[in-house]
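Okay, structure first, notes after.
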Amino acid sequence: MVEYAIILVLVGCICIGVVAVTGNQVTMTFQDIQEALMNPGDTGTTDVITCPDGTPAVLHGHKYHCHH
């Protein structure tokens, strides 16, 4: 029984750590989904963000990505 308790505590600590590290990202992703559902016709910002190589970045959710 002690071994099971230790395993449960370790799994709980890992879950808490994962939520602490990724929680903010998950929250922003859910906000992006909510915004897309509430305003389906809104394409977002029209500003062009450029990558270091001079190509335009692509907006995915709340983040801009450069294609390499």
Residues meeting the amide H criterion for residue 57 (H placed from the backbone, H to H distance under 5 Å, 5 or more places apart or on another chain) are 49, 50, 51
Tell me, in nm to one decimal, what length is gained between residue 39 and residue 20 on full extension, where the rule is 0.36 nm per residue of separation less the Cα-Cα distance?
3.9 nm
Give me a comma-separated list of calculated 3J(HN,Hα) values for the stretch 11-23, in order, Karplus coefficients 6.51, -1.76, 1.60 applied at θ = phi - 60°, integers in Hz, x for any Gly or Pro.
4, x, 5, 5, 4, 4, x, 5, 5, 5, 7, 9, x
Residues other than residue 25 with Cβ under 15 Å of its Cβ, Lys/Arg counted +1 and Asp/Glu -1, net out at 0
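Computed from the coordinates by the stated procedures, all read-outs in this text should not be read as laboratory data. This structure is a prediction, so every number in the text was calculated from the model and none was measured. For neighbour counting, all protein chains shown are included, and Cβ atoms are generated from backbone atoms with ideal geometry for every residue, glycine included.
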